[in-house]
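To start, the structure under review is shown below, and the notes come after it.
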Amino acid sequence: MKSFKFDWLVLPFIGIAVVMLLWQVSCATWAKDLPTPSKTWETSKPYIMEPFAKRGEMDQGILRFTWYSLILVAKGYALALIIGTPIGFFLGLSKTFTKAFDPIIQVLRPVSPLAWLPLGLVLFMGAGKNASELGALFTIAVCSMWPTVLNTAVGVRAIPQDYLNVAKVLKLSRRKTLFKVLIPASLPYMFTGFRLSLGIAWLVIVAAEMLTGRPGVGGFLWQEYNALIYEHIILCIITIGVVGFILDRLMSVVEKKFKTA
Amino acid sequence: MSNYVELSNLTKIYPTPKGDAVIVKDFNLNIQQGEFITLIGHSGCGKSTVLSMLAGLSEISDGGIILASKELSGAGPDRGVVFQSPSLLPWMTAYENVMLGVEQVFFTASKQERAEIVEYYLTVVGLADSMHKKPAELSQGMRQRVGIARAFALKPKMLLLDEPFGMLDSLTRYELQQVLIELWRKNKITALMVTHDVDEALFLSDRIVCMTDGPAAEVGEIMKVNFPRPRERKAVMEHPDYYKLREHLIEFLEVRAHRKPPTATPPSAPLKQIVPSNNNVLNPV
């Protein structure tokens, strides 16, 4: 019991302490422009202590910014799942479809969000006020879709022949086969894809906000860089990291639920 | 008596890069309505291939199957299949697994009637108390009981069993053989079972079909089993003919299964085809 507590409570704190020390030392030696931990805390305090305050368009509490970002991510992510899951199913079910579209997927997959965003903005240029939001959504969806697509395809291909035989012997209709056999059987894989996709969606949001200047954690980060308030860059980085971590944990809880089923 | 099931010149060929692999060649067998047939042979001889062609899960390369005066094509719930692994869908309860098939076959019946069918069969196989459990909560033997219930609940024209008890320990296997034979007797379903267990075959069957080794496996010999029914395991094993038949089967499997064509005349109606001497030319391996 004692060693358990030591492992899980004390060791992470030691890790954090080491990083803080390195940070402090860096500030004192080679990175003169880097704000020190204490200065970062000092400057960030109003944003953390009043996390939902709204003092201006680009001057809001950190959790309020996070909330904006999460909403945008949720929209883009939902779009990614709605488009990605059926594509994954087609890839898993049809060899012809795979041969036709797998190469292009493999080529599009490694393209960075920074490359997609301008295209997204161009695509929705006509939308006027909403152009930046639509462009950001497009970028999030396009970038975060791939793990869902590929994992769903793997899940569908990995369905045991036994289950397919049951469907065949019982002569289940296509609809029934899909909903009673194919989807439940590939759910565990699909959720792995969903989790990875969410991670990417969160990565992309920051880039998208930075470029479009939308209010949100990423937008705030970029604005504070331009305003030379470097402490807030660190605040944003930490916030982004913590939120990403929490999202991943939440998804893996859901994922585990489906693994045992 | 007319034949209920006819397998004529049933052949299975898999194309391989090295040429065609003939798994089963000119397999001929006629089955009467209500008969219990076991197909016995060495592992990999192609007996499961014959069964899966009957089930419609494997394409027929040549020859054909007639079931109740109709040529078979594809799979369908008129044949209840019990697989070697129970093949239950793990996200559904035992009840839902059986219901999946029942809904398919009795789509005109009322909800109430369908529920009664499912409950009845699960109760008969001894799962009255566990029907709402998921397969993961059931023992291997219980899962296979669900598999049996699922097959019978469809009221199929024919029952196909692919080594259904192969993965069970011997005590559970005895229990389940008893469950199976009782259900079969009550429902009078024509059954074909694949096994490599000699005692299981003797206990259950009306006739035992011995298959020669593959490639190009075929019917080696057919043995009639005339123990009185209903059968009790003890009575069957003490029957004066039991060990004679058992010896005969084992001798076939040990010696004659490897040779083809067998020269001995089968004790029952000779259904086997005399294979022409150029048979070996067709063997690629």
Problem set entry | Filtered residue count, segment B:104-134, keeping only those that are within 14 Å of chain A (Cβ to nearest Cβ), part of a helix (DSSP H, G or I) and modelled with pLDDT under 90 | 2
For this session: Filter segment A:127-166 down to residues that are under 27 Å from A:L70 (Cα atoms) and of a type in the set (G, A, S) and give me whichever is nearest to the chain's Cα centre (by Cα).
Result: A:S144
Exercise. Of the numbered conditions (1) touching a Phe, Trp or Tyr at 6+ places or on another chain (Cβ under 8 Å); (2) more than 14 Å from chain B (Cβ to nearest Cβ); (3) not charged (D, E, K, R), A:A227 satisfies every one except a single condition; which is it?
Worked result: (1)
Exercise. Among B:G141, B:G147, B:G80, which is the only one that is within 30 Å of B:T11 (Cβ to Cβ) and either more than 13 Å from every other protein chain (Cβ to nearest Cβ) or in a helix (DSSP H, G or I) (or both)?
Worked result: B:G147
For this session: Report yes if some residue within segment A:116-128 is β-branched (V, I, T), closer than 17 Å to A:M190 by Cα and surrounded by fewer than 18 Cβ atoms within 10 Å (Cβ to Cβ); otherwise report no.
Result: no
Problem set entry | Yes/no for A:P37 being surrounded by 14 or more Cβ atoms within 10 Å (Cβ to Cβ) and either within 19 Å of A:I240 (Cβ to Cβ) or assigned by TED's automatic domain parsing to the domain that holds A:A208 (or both) | yes
Exercise. Between a first residue in segment B:88-99 that is within 11 Å of another protein chain (Cβ to nearest Cβ) and a second residue that is surrounded by 24 or more Cβ atoms within 10 Å (Cβ to Cβ) and not in a helix (DSSP H, G or I), which pairs have beta carbons less than 7 Å apart while being 6 or more apart in sequence or on different chains?
Worked result: B:N97/B:L88
Exercise. Does any residue in segment B:31-48 that is of a type in the set (D, E) come within less than 6 Å, Cβ to Cβ, of a residue that is surrounded by fewer than 24 Cβ atoms within 10 Å (Cβ to Cβ) and not in a loop (DSSP other than H, G, I, E, B) six or more places away or on a different chain, and which pairs are these?
Worked result: B:E35/B:T190
Exercise. Quick check: anything in segment A:182-202 touching a Ser or Thr at 6+ places or on another chain (Cβ under 6 Å) and under 14 Å from A:A136 (Cα atoms)?
Worked result: yes
Exercise. If we keep just the residues of segment A:167-193 that are more than 10 Å from chain B (Cβ to nearest Cβ) and basic (K, R), which is farthest from the chain's Cα centre (by Cα)?
Worked result: A:R174
For this session: Can you confirm whether segment A:240-260 contains a residue that is of a type in the set (D, E) and modelled with pLDDT of 85 or more?
Result: yes
Exercise. Within 16 Å of A:A201 (Cβ to Cβ) and assigned to a loop (DSSP other than H, G, I, E, B): does that describe A:V73?
Worked result: no
For this session: State which residue is nearest to A:T66 (Cα to Cα) when the search covers only segment A:199-245 and only residues that are hydroxyl-bearing (S, T, Y) and buried (at least 19 other Cβ atoms within 10 Å of the Cβ).
Result: A:T239
For this session: Looking for whichever is assigned to a loop (DSSP other than H, G, I, E, B), without any contact (Cβ under 8 Å) to a residue 24 or more places away in the chain and not assigned by TED's automatic domain parsing to the domain that holds A:M20 here; the options are A:P110, A:P103, A:P86, A:P46. Which one fits?
Result: A:P110
Problem set entry | Test set (1) closer than 19 Å to A:Y225 by Cβ; (2) free of Cβ contacts under 8 Å to residues at least 12 places away in the same chain; (3) not in a helix (DSSP H, G or I) - A:W30 fails condition number | (1)
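The values are calculated or read from the model by the stated rules, or taken from the named source; none is laboratory data. Keep in mind it's a predicted model, so treat the numbers as computed, not measured. Glycine also receives a Cβ, built like all others from the backbone with ideal geometry; neighbour counts cover every protein chain displayed.
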